[in-house]
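Working notes, structure below.
The values are calculated or read from the model by the stated rules, or taken from the named source; none is laboratory data. Not measured: the values here are computed from a predicted model. Quick reminder, even Gly has a Cβ in these numbers, built from the backbone with ideal geometry, and neighbours come from all protein chains shown.
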Amino acid sequence: MEIRIGVVDSPKEINLEISEGVEDLVKRIDEALNTGTSVLWLQDEKDRRIGIPSNKVAYVEIDPESAPRSVGFKR
């Protein structure tokens, strides 16, 4: 699945491909943001570990692989 994380005071967002299940990922992110954990650690499909300061997370967007993708122009 693809995950996008917006970071406060940064014009770019972090894009990752993660193989973890959606529900498990949401629980881990929610726990990190609500318990005051200083760094949210994620591991992508290439086994890279990415640390994001929890107090700098602006938003998280998750696109599960099962989401339909549109092709072409919308009217």
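A few comments on the model shown:
- Unmet requirement for Gly51, which otherwise passes all of (1) under 12 Å from the mean Cα position of the chain (by Cα); (2) modelled with pLDDT of 90 or more; (3) surrounded by 11 or more Cβ atoms within 10 Å (Cβ to Cβ); (4) not aliphatic (A, V, I, L, M): (3)
- Scoring Pro11 on the criteria (1) exposed (fewer than 12 other Cβ atoms within 10 Å of the Cβ); (2) under 15 Å from Met1 (Cα atoms) leaves a single failure, condition (2).
- Scanning segment 1-55 for residues that are under 21 Å from Glu65 (Cβ atoms), touching a Lys or Arg at 6+ places or on another chain (Cβ under 9 Å) and of a type in the set (A, V, I, L, M, F, W, C) yields Ile14, Leu16, Leu42.
- Among the numbered conditions (1) modelled with pLDDT of 90 or more; (2) surrounded by 11 or more Cβ atoms within 10 Å (Cβ to Cβ); (3) within 16 Å of Arg4 (Cα to Cα), the only one that Val39 does not meet is (3).
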